[in-house]
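Q: Before we start, here is the structure in question, set down as structure tokens.
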Amino acid sequence: MPPALRGPGLAGAATLLAAAVTAVVLVGFSLVSFPAYGNSNVLRALTVVGQTAAVALVAAGILAARAGERPGGRPALVRLGKLAAPTGSALLVAATLGIPLAASRLYLHGVSVDQEFRTQFLGRSATSLGLPDMAYIDLPSFYPSGWFWLGGRFANLVGLEGWAAFKPWAILSLAVAAALVTVLWTRILRTDLGAAVGLVSTSIVLAYGSPEPYGAVVALFLPPVLILAWHAVSPTARHAGRGATVATTLFLGASACTYTLYTGLAAGTVVLMALVATVAAVLAARRGRRVIPLWLPAARLAVIGFGSIFIALLVWAPYLLAALRGEPADSGTAMHYLPEAGARLPLPMTAGGLTGWVCLAGLVWIIARAWTSRRAQALGLGVVAVYLWCLASMAVTVLGTTMLGFRLEPVLILLLVVAGVFAVVDVAGVVVRAAGRQAGEARPAAEAADRRQRAGAVVGVLAALAVLAHAQGIPDHLHDEIRLAYTDTDGHGERADRYPPGPESHYAEVDRVIGESFPGRDRTDLVVASTADAFLAYHPYFAYQAVTSHYANPLGRYADRNESMVAWQDATSGDELFAMMRSTPWRGPDAIVTRRSGDGFSLRLAEDTYPNDPNVRRFGVTIPGEAVEGEHFEVHDVGPFAVIVVR
């Protein structure tokens, strides 16, 4: 296995090319007024053109690299191929996501459901160089800030508000990750195979993980990192695998700063690998065939564990220090979600279709090559870890929680598809070699070489068509997510499908009213209680209450805040309500965005209802009209909203 950390120059060049390709696609398509994706087939057609160009670019890179790597080949061709392949993977991301969303300012899923809090978090990150909580003022972030902090810097660099930067940052970060993972694959494998695996990995993650871009970025690297991790804890010689150990440590540390669930899976898999490697070393020692010391897997595991934790503290230290100071906290409900998909084991290899058949081929390959291929061993242990996690997630429901096992299905599909690519390559190798023989005997050398070359060309064309077939079906797979990007009202008060906007079109006026009520104070110095959820996704005020308890900071005491807001409806005067708001351990609201309800003002709250599915119940509280009278309150009507300013 080539050293994994060699070639930083190649990685840097691939990053620049990925950024350039993404910028050309996003900026170029923003200059033309296209119809909404769901109302016309224009963007669909252009998407296929871009995807075809991406696959062709990777194919050209493979051909160039193979020509350069032949005896007497030119090294320049190898370098060209090694740059063309990751650029093609990045172009696939830019075309598959950027073109269908070209007529919308919003990313997949708009600002609906989970995308609302993600947009809010990026907006918060764009206002601070620190690690503030996405919702609550004066609290460190509980949710990992890595991807969002970088997104905030991107927003500052290009001069966009956080919500407007979400789409280009999501696409750019995915494109760069696709390029870098392709570079990594070409370092672990031979160039042509690595380029193919990188392209296929990218297409799978686009289909199954792109709505959650920061998770998709981590997922892309899981298969190659697991191969490196297996080499780290179970090296072929005592001094081998040191570079792989460093690479695994860096990945786990960075992923812990970005997405904890996938980090937990990766860390658990490395622990499983170390256990298996130790058992294998013990058995080998008993047979007198010791390859590595018995303590080496545990030692490497310790290095990886402590090193990655140290890196993770870059993001997690502020929250952990606040928790250690004994600040009151909720138990947290982040794991309280069990949809139907979480109550069964994911079996993508039985789903049929192109992806299902490749997953099945991957499973067969893992089993068949488990004793002879270190790649099969690493990917197989990853698959085992996913299933163990899913079973544990279902088992701990008796304790009143889950481990969100259903969210690991994209990773399982990715692991099996990567294994499936290796299976296809093995079968293709048999076919190509068979083409050079006749009736079991070798053909003349020139004829055999010609026939093998033709057979290889046929296999390559079929593989490219298969990738393209999958890629052009990705927008259909993401139909609902794309639709919401066009039907949700954006931060400018417009819908991308050009239909009349929703009540969100009044958000700018609500923002103006709050700003004029507090002259000289920045949005990030004001706390707003809002019944209009997306208002805080578009305008970076701090929230009096988070969107739901599942993404709320435990230090924010979500349940206690709910109780205090429910008590507001019992207030009989302005003085009484004002005293309620100022008597809490946390800062009271500076403004309340409500709707009129008879003689009062209604707010919509949420509470956790796990183990029910759905796991969130919405309910309303109504502040009596007489409770906002007096010197402490001003009421401004803005469209369907009533803005209560608290003095």
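Q: With the structure loaded, tell me whether Arg300 is in contact (Cβ under 8 Å) with a residue 60 or more places away in the chain and assigned by TED's automatic domain parsing to the domain that holds Gly264 or whether it fails that test.
A: Details: in contact (Cβ under 8 Å) with a residue 60 or more places away in the chain: yes; assigned by TED's automatic domain parsing to the domain that holds Gly264: yes.
Judged against the criteria, Arg300 is a match.
Q: Consider Thr622 carefully, then state whether it is touching a helix residue (DSSP H, G or I) at 6+ places or on another chain (Cβ under 8 Å), buried (at least 17 other Cβ atoms within 10 Å of the Cβ) and hydroxyl-bearing (Ser, Thr, Tyr). Steps first, please.
A: Numbers: touching a helix residue (DSSP H, G or I) at 6+ places or on another chain (Cβ under 8 Å): yes; buried (at least 17 other Cβ atoms within 10 Å of the Cβ): yes; hydroxyl-bearing (Ser, Thr, Tyr): yes.
Considered against the rule, which asks whether it is touching a helix residue (DSSP H, G or I) at 6+ places or on another chain (Cβ under 8 Å), buried (at least 17 other Cβ atoms within 10 Å of the Cβ) and hydroxyl-bearing (Ser, Thr, Tyr), Thr622 comes out as yes.
Q: Do the conditions hold for Val200, that is, is it surrounded by 24 or more Cβ atoms within 10 Å (Cβ to Cβ), of a type outside the set (Asp, Glu) and over 13 Å from Val411 (Cα atoms)?
A: Values: surrounded by 24 or more Cβ atoms within 10 Å (Cβ to Cβ): yes; of a type outside the set (Asp, Glu): yes; over 13 Å from Val411 (Cα atoms): yes.
When the stated conditions are applied, Val200 passes them.
Q: Working only within the range 466-513, note down all residues that are touching a Leu at 6+ places or on another chain (Cβ under 7 Å) and among the β-branched types (Val, Ile, Thr).
A: Of everything in the range 466-513, those that are touching a Leu at 6+ places or on another chain (Cβ under 7 Å) and among the β-branched types (Val, Ile, Thr) turn out to be Val467, Ile474, Ile482.
Q: In addition: If I filter the range 464-480 for residues that are loosely packed, with under 13 Cβ neighbours inside 10 Å and among the hydrophobic types (A, V, I, L, M, F, W, C), do I get at least one hit?
A: Taking every residue of the range 464-480 in turn, at least one turns out to be loosely packed, with under 13 Cβ neighbours inside 10 Å and among the hydrophobic types (A, V, I, L, M, F, W, C).
Q: Kindly list the number of the only condition in (1) of a type outside the set (A, V, I, L, M); (2) farther than 26 Å from Ala207 by Cα; (3) outside any helix (DSSP H, G or I) that fails for Asp497.
A: Among (1) of a type outside the set (A, V, I, L, M); (2) farther than 26 Å from Ala207 by Cα; (3) outside any helix (DSSP H, G or I), the lone unmet condition for Asp497 is (2).
Q: Can you find a residue that is closer than 30 Å to Pro100 by Cα and modelled with pLDDT of 90 or more anywhere in the range 562-584?
A: We begin by selecting, within the range 562-584, every residue closer than 30 Å to Pro100 by Cα; these are none.
Among the residues of the range 562-584, not one is closer than 30 Å to Pro100 by Cα and modelled with pLDDT of 90 or more, which makes the answer no.
Q: Scan the range 116-134 for residues that are modelled with pLDDT of 95 or more and of a type in the set (Gly, Ala, Ser) and report the count.
A: Count: 3.
Q: While we're looking at this one, here's another question. Mind checking whether some residue in the range 567-577 is within 34 Å of the chain's Cα centre (by Cα) and over 18 Å from Ile137 (Cβ atoms)? Break it down stepwise before answering.
A: Just the residues of the range 567-577 that are within 34 Å of the chain's Cα centre (by Cα), to begin with: none.
Taking every residue of the range 567-577 in turn, none turns out to be within 34 Å of the chain's Cα centre (by Cα) and over 18 Å from Ile137 (Cβ atoms).
Q: Can you tell which of Ala591, Ala546 is over 23 Å from Glu327 (Cα atoms) and among the aliphatic types (A, V, I, L, M)? Give the derivation first.
A: Details: Ala546 fails: over 23 Å from Glu327 (Cα atoms).
Matching residue, one of Ala591, Ala546: Ala591.
Q: Please state which of the following conditions Leu272 fails to meet, knowing it meets all the rest: (1) over 30 Å from Val205 (Cα atoms); (2) aliphatic (A, V, I, L, M); (3) in a helix (DSSP H, G or I).
A: (1)
Q: Report those helices (runs of 4 or more DSSP H) wholly inside the range 534-611 carrying at least 1 residues which are over 30 Å from Gly110 (Cα atoms) and free of Cβ contacts under 8 Å to residues at least 24 places away in the same chain. Steps first, answer last, please.
A: On the way: elements: 535-538, 558-567, 574-582.
Qualifying helices (runs of 4 or more DSSP H): 558-567, 574-582.
Q: Filter the range 275-301 for residues that are small (Gly, Ala, Ser) and part of a helix (DSSP H, G or I) and give the result. Let's see the steps before the verdict.
A: Of all residues in the range 275-301, those small (Gly, Ala, Ser) come to 277, 280-281, 284-285, 288, 298-299.
Scanning the range 275-301 gives Ala277, Ala280, Ala281, Ala284, Ala285, Ala298, Ala299.
Q: Would you confirm whether any residue within the range 275-292 is closer than 18 Å to Leu379 by Cα and among the small types (Gly, Ala, Ser)?
A: yes
Q: A further question on this structure: Taking the residues in the range 81-109 that are part of a loop (DSSP other than H, G, I, E, B) and of a type in the set (A, V, I, L, M, F, W, C) as candidates, determine which candidate is farthest from Val205 (Cα to Cα). Break it down into steps so the answer makes sense when it comes.
A: Here is the first cut: in the range 81-109, the residues part of a loop (DSSP other than H, G, I, E, B) are 99-109.
Those still in the list that are of a type in the set (A, V, I, L, M, F, W, C) too: 99, 101-103, 106, 108.
Working: Ile99: 17, Leu101: 17, Ala102: 20, Ala103: 23, Leu106: 20, Leu108: 14 Å.
Within the range 81-109, the match that is farthest from Val205 (Cα to Cα) is Ala103.
Q: With the condition kept exactly as written, say whether any residue in the range 248-267 is crowded, with 20+ Cβ neighbours inside 10 Å, modelled with pLDDT of 95 or more and more than 18 Å from Pro144 (Cα to Cα).
A: Yes: the range 248-267 contains one or more residues that are crowded, with 20+ Cβ neighbours inside 10 Å, modelled with pLDDT of 95 or more and more than 18 Å from Pro144 (Cα to Cα).
Q: Search the range 37-58 for residues being assigned to a helix (DSSP H, G or I) and more than 27 Å from the chain's Cα centre (by Cα), and hand back the single one that is farthest from Ala85 (Cα to Cα).
A: Restricting attention to the range 37-58, the residues satisfying the condition of being assigned to a helix (DSSP H, G or I) are 37-39, 42-58.
The next check asks that each one be more than 27 Å from the chain's Cα centre (by Cα); those that pass are 39, 42.
On the way: Asn39: 34, Val42: 27 Å.
If we take residues in the range 37-58 being assigned to a helix (DSSP H, G or I) and more than 27 Å from the chain's Cα centre (by Cα), then Asn39 is farthest from Ala85 (Cα to Cα).
Q: What are the residues in the range 114-173 that are among the β-branched types (Val, Ile, Thr) and free of Cβ contacts under 8 Å to residues at least 40 places away in the same chain, if any? Break it down into steps so the answer makes sense when it comes.
A: Residues of the range 114-173 among the β-branched types (Val, Ile, Thr): 119, 127, 137, 158, 171.
Listed by number, the list holds a single entry, Val158.
Q: Does Ser517 count as surrounded by fewer than 21 Cβ atoms within 10 Å (Cβ to Cβ), of a type outside the set (D, E, K, R) and either modelled with pLDDT under 95 or not assigned by TED's automatic domain parsing to the domain that holds Leu97 (or both)?
A: Numbers: surrounded by fewer than 21 Cβ atoms within 10 Å (Cβ to Cβ): yes; of a type outside the set (D, E, K, R): yes; either modelled with pLDDT under 95 or not assigned by TED's automatic domain parsing to the domain that holds Leu97 (or both): yes.
In short, yes.
Q: What are the residues in the range 612-622 that are of a type in the set (S, T, N, Q) and either out of contact with any strand residue (DSSP E or B) (no Cβ under 9 Å at 6 or more places or on another chain) or assigned to a strand (DSSP E or B) (or both), if any?
A: Listed by number, the residues that qualify are Asn612, Thr622.
Q: Next question, about the same structure. Please identify the pairs in which a residue from the range 280-295 that is within 12 Å of Ser234 (Cα to Cα) has its Cβ atom under 9 Å from the Cβ atom of a residue that is part of a helix (DSSP H, G or I) and among the hydroxyl-bearing types (Ser, Thr, Tyr), counting only partners at least 6 apart or on another chain.
A: Leu294/Thr278; Trp295/Thr278
The values are calculated or read from the model by the stated rules, or taken from the named source; none is laboratory data. All figures in this text were calculated on a predicted structure; none of them were measured in a lab. Note: ideal-geometry Cβ built from the backbone for every residue, glycine included; neighbour counts use all protein chains shown.
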